[in-house]
Amino acid sequence: MTEAAAIAPKTMFMREPPHPAITPSQEAAIPRWIAEGPAALADIRTAAFNALKKTGLPHTGSEDFSFIRVGEFLPHLGPPAAAANPATGAIAPTAGRLPTQADIQGQLVAEARGSYLVLVDGTYVPELSKPGNGFQVSTLSRETLPADLRASLVRVAAEETDAVAALGMVFSRDPLVIQVAAKAVPAEPLLLLHFHTGSGVRSDAFILYHGGKLSEARVLARHASLADSATPPGAVATGSMENVHTVALLDDGASLKFLEAGAGAQSAGAQTGTAGSGENTVNRDIHFRKLTARLHRDSRLLAISAHTGSRLTRNSFSVDLAGEGAEAEVDGATVLTGNRQSHNFVRIRHLVPHCVSRQHFKSVAADQSRSSVDGTIYVAKDAQQTNAYQLINNLMLSDEARADSKPQLMIHADDVKCSHGATSGKLDPAQQFYLESRGLPPLQARALLTVAFIAEVLEKAGKSGEAGATPGSDGFRDILDHALLDTLKNRLPAASEGERHA
Amino acid sequence: MTTATYMLEVKGLEATIGEDEGITQILKGINLAVKTGEVHAIMGPNGSGKSTLSKIIAGHPDYRVSKGEVLFNGENILELEADERARKGIFLGFQYPVEIPGVNNAEFLRMAYNQRRKAEGKEEADPLDFEEILDAKMKTLDMDGRYKERSINEGFSGGEKKRNEILQMAILDPALAILDETDSGLDVDALKIVAGGINRLRGPGKAIVLITHYQRLLDYVQPDVVHVLSGGKIVKTGGKDLALEVEKQGYDWLVK
Ligand SMILES: Nc1ncnc2c1ncn2[C@@H]1O[C@H](COP(=O)(O)OP(=O)(O)OP(=O)(O)O)[C@@H](O)[C@H]1O
Ligand SMILES: [Mg+2]
């Protein structure tokens, strides 16, 4: 019996009737896609596919997709065009063009001028990349991973409960592998440049980061769209879906800073003038990002995601503290305008004693935007002396905007320090009046206060000029700042009459 | 005489706060005229409406003016937003300056300075030039350079906040400065420094309104005119001797 036959009757892809995401015939093609793909990927793809079969596609009421209307992304979950026909599964952008040198140069940041990787629609393009010293970069089909590392990766795939992440692991053409050797401390961070080429494209990126013992590195990620110029004149561009899953495995004492500036923050065109403005494209797009991290003894993770949302953005963090003394911090800074959405989904699992985890999510919601944070801290029975906290702060700039918070603690140990909290508020009118009374126009005053609100999270990325960052005006921290500030400057609504005189 | 010789004229100003049942009248017909070059002091019991008057002149949106007008250099400013009034040269030193965590003091000052310059048709200041101006002003106020790094008023002591108000005034060089109890909470040395800052602003083309409870500020900054505000009205206007009188006798003799 073929695998396809085994799953066909279960209709796992049919739970949301109006949007049959994957037709049975497409579904049947998946085992073929796996069988005919690189042999080195088969075990991981199979494990992910099995996980997907177990989980089923997201449906209304899926706990993992709280606050999100599943129908908004379900139609995008079919196999990517190339995957439907394995014969055409060659590594090439699915649509549009490759980024030009100008596109790339326009996205570089001061700290990482000589250390960047280019991914186009989720696939690593070595010819356009220039990994910095200390980063070993390869792809899964070309790299022979140590057995234990490979086993860890297969396990991540097998245990995946997020259907979208599992799909990404099935369809990613050739996962990117980044390794930092034991004790290596690359001087420059590594910048991952994700370029998206087309309308109506779904791209699946699957990235493995392995930090060797006592290694210390920074990885920055940026996203840019080349779509506007890829859409022929007169054609209507439809949104694309970008699905990026990064798996970070940190050996004893390893340290990783993983900072991501979301799409919406930057488009290639806005910087270089060579590609389309990207603004509308980005807004139409769906972004699913997931960071899965497994931390061994005394390792450290700092993950910060700063972005301005899109038609639908979901950031998921799944962090296992699996070695004593490990410390993880996961932060988010979001500024949403228009009808953009951003949803954060966090699962931190304390599996062993003496670990620390911190979460701080700050969201600004203007206009009719929507944001949410669904975060759970799980503490296993043996994980005594756990120290965990989670803080969610929402700044509401409009009565029509919505921000949901769902902080949760699941604690099975008795000697722990855990706390969580969520706040929602508006700008302080007294602060606003103070700034205006010094001559700042209301819009500038509001933008300043709004940036001050999220600055606390951005500060953690490190100021340019600080150790490890090159002084200059285009450090990554500045890019985060500017991205968010530009959004505010351009599209922040003035205070409504009612609000000012309330 | 045309109104233009007055920098500030408040005519029959009545103002309320709240709505419907919760409405309270705070100002009940204030008349005040401050000429260019003058320093006026306003004294008065707690809750008499001094801060309310100053905030209404600065354009605070919470209060509703039910009657009267406020002219600045002959122009009715009641329809202008607070920021527009500031750019025209009105400055309010707050009785209780708010803390604004996350907004850098020096950056904010530069933004405010540039807004003022823009309103005057000048170019934005070069950041380095501005830094020089700021350093010089801070020196005259005996302020440590560390204040540049800090967020606006965050964690400042009462006296430090007041000094920061005077710094902002010095940077913005307003035509009209209304200083609401800027002397409260200052030790003797700080009082002298702040008074020095006020005296440096004083001069032709400028007008200053000092709201204070204490004669001691007026020893350093001699007022031309002293008013006593009580129950939302100015009940007495006189020379600088009036302040001495109030210091000695309190307000009872005026209020009755
Ligand atoms: N926002 C407000 N809501 C309600 N009442 C207010 C408000 N602002 C002022 N008031 C009231 O208006 C009156 C005048 O207040 P104001 O602050 O102007 O007094 P003041 O003369 O400055 O007093 P002080 O000397 O104590 O500073 C007080 O009774 C005060 O309670
Ligand atoms: Mg007062």
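Kindly indicate which of B:Ile57, B:Ile77, B:Ile133 is more than 9 Å from every other protein chain (Cβ to nearest Cβ), within 16 Å of ligand 2 (Cβ to nearest atom) and either closer than 21 Å to B:Val226 by Cβ or not polar (S, T, N, Q) (or both).
B:Ile57
Does B:Lys139 satisfy the condition of being more than 16 Å from ligand 1 (Cβ to nearest atom) and either more than 19 Å from the chain's Cα centre (by Cα) or under 30 Å from B:Lys67 (Cβ atoms) (or both)?
yes
Filter the stretch B:91-109 for residues that are more than 16 Å from ligand 1 (Cβ to nearest atom) and either at pLDDT below 95 or open to solvent by less than 10 Å² (accessible area, probe 1.4 Å) (or both) and give the result.
B:Phe91, B:Ile100, B:Pro101, B:Gly102, B:Val103, B:Asn104, B:Asn105, B:Ala106, B:Glu107, B:Phe108, B:Leu109
For the condition within 14 Å of chain A (Cβ to nearest Cβ), within 15 Å of ligand 1 (Cβ to nearest atom), in contact (Cβ under 8 Å) with a residue 12 or more places away in the chain and assigned to a strand (DSSP E or B), what is the one hit in B:Ala41, B:Ala15?
On inspection, the qualifying residue turns out to be B:Ala15.
Residues in the stretch B:59-69 that are under 24 Å from A:Gln431 (Cβ atoms), open to solvent by less than 70 Å² (accessible area, probe 1.4 Å) and not in a loop (DSSP other than H, G, I, E, B): how many?
Of the residues in that region, 1 qualify.
What residue, among those in the stretch A:399-429 that are within 14 Å of another protein chain (Cβ to nearest Cβ) and surrounded by 15 or more Cβ atoms within 10 Å (Cβ to Cβ), is nearest to A:Phe65 (Cα to Cα)?
The extreme case among them is A:Leu427.
Residue-by-condition table, conditions (1) away from ligand 1 (no atom under 16 Å from the Cβ); (2) among the basic types (Lys, Arg); (3) modelled with pLDDT of 95 or more:
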residue: B:Pro204; (1), (2), (3): yes, no, no
residue: B:Ala207; (1), (2), (3): yes, no, yes
residue: B:His213; (1), (2), (3): no, no, no
residue: B:Val226; (1), (2), (3): no, no, yes
residue: B:Leu229; (1), (2), (3): no, no, yes
residue: B:Asp241; (1), (2), (3): yes, no, no
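Hey, can you tell me all the residues within the stretch A:383-398 that are open to solvent by 50 Å² or more (accessible area, probe 1.4 Å) and on the phi < 0 side of the Ramachandran plot?
Within the stretch A:383-398, A:Gln384, A:Asn387, A:Tyr389, A:Leu391 qualify.
On the basis of being near ligand 1 (Cβ under 8 Å from one of its atoms), closer than 18 Å to B:Ile178 by Cβ and open to solvent by 10 Å² or more (accessible area, probe 1.4 Å), does B:Lys55 make the cut?
Considered against the rule, which asks whether it is near ligand 1 (Cβ under 8 Å from one of its atoms), closer than 18 Å to B:Ile178 by Cβ and open to solvent by 10 Å² or more (accessible area, probe 1.4 Å), B:Lys55 comes out as yes.
Taking the stretch A:389-398 only, how many residues are closer than 30 Å to A:Val379 by Cβ and away from chain B (no Cβ under 14 Å)?
5
Might you let me know whether the stretch B:37-48 holds any residue that is within 16 Å of ligand 2 (Cβ to nearest atom), under 23 Å from B:Pro174 (Cβ atoms) and more than 17 Å from the chain's Cα centre (by Cα)?
no
Could you tell me which numbered condition A:Ala224 fails, if it satisfies all but one of (1) surrounded by 20 or more Cβ atoms within 10 Å (Cβ to Cβ); (2) more than 19 Å from the chain's Cα centre (by Cα); (3) not in a loop (DSSP other than H, G, I, E, B)?
Among (1) surrounded by 20 or more Cβ atoms within 10 Å (Cβ to Cβ); (2) more than 19 Å from the chain's Cα centre (by Cα); (3) not in a loop (DSSP other than H, G, I, E, B), the lone unmet condition for A:Ala224 is (2).
Can we say B:Leu172 is within 14 Å of chain A (Cβ to nearest Cβ), open to solvent by 10 Å² or more (accessible area, probe 1.4 Å) and in contact (Cβ under 8 Å) with a residue 40 or more places away in the chain?
yes
Taking A:Thr450 and the conditions (1) at pLDDT 75 or above; (2) loosely packed, with under 15 Cβ neighbours inside 10 Å; (3) within 14 Å of another protein chain (Cβ to nearest Cβ), which numbered condition does it fall short on, given that it satisfies the others?
Looking at each condition in turn, A:Thr450 falls short on (2).
Just the residues that are facing chain A (nearest Cβ under 7 Å) and part of a loop (DSSP other than H, G, I, E, B), please, taken from the stretch B:98-113.
B:Val98
Can you find a residue that is open to solvent by less than 20 Å² (accessible area, probe 1.4 Å) and out of contact with any helix residue (DSSP H, G or I) (no Cβ under 8 Å at 6 or more places or on another chain) anywhere in the stretch B:148-165?
Yes, the stretch B:148-165 contains a residue that is open to solvent by less than 20 Å² (accessible area, probe 1.4 Å) and out of contact with any helix residue (DSSP H, G or I) (no Cβ under 8 Å at 6 or more places or on another chain).
Could you run through the stretch B:195-232 and say how many residues are within 16 Å of ligand 2 (Cβ to nearest atom) and part of a strand (DSSP E or B)?
Summing the residues that are within 16 Å of ligand 2 (Cβ to nearest atom) and part of a strand (DSSP E or B) in the stretch B:195-232 gives 7.
Determine which single condition B:Gly250 fails, assuming it passes every other condition in (1) within 15 Å of ligand 1 (Cβ to nearest atom); (2) touching a residue at least 24 places away in the same chain (Cβ under 8 Å); (3) more than 14 Å from chain A (Cβ to nearest Cβ).
Every listed condition holds for B:Gly250 apart from (2).
I need a count of the residues in the stretch A:330-363 that are closer than 21 Å to A:Leu449 by Cα and open to solvent by 10 Å² or more (accessible area, probe 1.4 Å).
Count: 2.
What do you reckon, is B:Leu8 away from ligand 1 (no atom under 12 Å from the Cβ) and touching a His at 6+ places or on another chain (Cβ under 9 Å)?
Yes.
Quick check: is even one residue across the stretch B:20-29 farther than 29 Å from B:Gln215 by Cα, within 16 Å of ligand 2 (Cβ to nearest atom) and open to solvent by 10 Å² or more (accessible area, probe 1.4 Å)?
Yes, some residue in the stretch B:20-29 is farther than 29 Å from B:Gln215 by Cα, within 16 Å of ligand 2 (Cβ to nearest atom) and open to solvent by 10 Å² or more (accessible area, probe 1.4 Å).
Got at least one residue in the stretch A:433-440 being assigned to a loop (DSSP other than H, G, I, E, B), among the small types (Gly, Ala, Ser), within 11 Å of chain B (Cβ to nearest Cβ) and out of contact with any Lys or Arg (no Cβ under 6 Å at 6 or more places or on another chain)?
Yes: the stretch A:433-440 contains one or more residues that are assigned to a loop (DSSP other than H, G, I, E, B), among the small types (Gly, Ala, Ser), within 11 Å of chain B (Cβ to nearest Cβ) and out of contact with any Lys or Arg (no Cβ under 6 Å at 6 or more places or on another chain).
Looking at (1) at pLDDT 95 or above; (2) more than 13 Å from ligand 1 (Cβ to nearest atom); (3) small (Gly, Ala, Ser), which is the only condition B:Ala125 fails?
The number of the failed condition is (1).
If you go through the stretch B:143-153 one residue at a time, do you hit one that is part of a loop (DSSP other than H, G, I, E, B), more than 14 Å from chain A (Cβ to nearest Cβ) and farther than 19 Å from B:Ile198 by Cβ?
Scanning the stretch B:143-153, I find at least one residue that is part of a loop (DSSP other than H, G, I, E, B), more than 14 Å from chain A (Cβ to nearest Cβ) and farther than 19 Å from B:Ile198 by Cβ, so the answer is yes.
Mind checking whether some residue in the stretch B:160-180 is within 16 Å of ligand 2 (Cβ to nearest atom) and in a loop (DSSP other than H, G, I, E, B)?
no
Out of all the residues in the stretch B:21-38, which are away from chain A (no Cβ under 14 Å), without any contact (Cβ under 8 Å) to a residue 40 or more places away in the chain and within 15 Å of ligand 1 (Cβ to nearest atom)?
Selection gives B:Glu21, B:Thr24.
Consider B:Gly185 against the criteria (1) more than 20 Å from B:Tyr6 (Cα to Cα); (2) more than 16 Å from ligand 2 (Cβ to nearest atom); (3) surrounded by fewer than 18 Cβ atoms within 10 Å (Cβ to Cβ): it satisfies all of them except one. Which criterion is unmet?
(2)
Taking the conditions exactly as written (buried (at least 22 other Cβ atoms within 10 Å of the Cβ) and either in contact (Cβ under 8 Å) with a residue 60 or more places away in the chain or away from chain A (no Cβ under 14 Å) (or both)), does B:Ala86 satisfy them or not?
Judged against the criteria, B:Ala86 is a match.
The values are calculated or read from the model by the stated rules, or taken from the named source; none is laboratory data. A quick note: this is a predicted structure, and the numbers were derived from the prediction, not measured. Backbone-built Cβ (ideal geometry, glycine too); neighbour counts: all protein chains shown. Heads up: the accessible areas ignore ligands, DNA and RNA and are worked out on the full protein's heavy atoms, side chains in. Shrake-Rupley method; radii C 1.70, N 1.55, O 1.52, S 1.80 Å.
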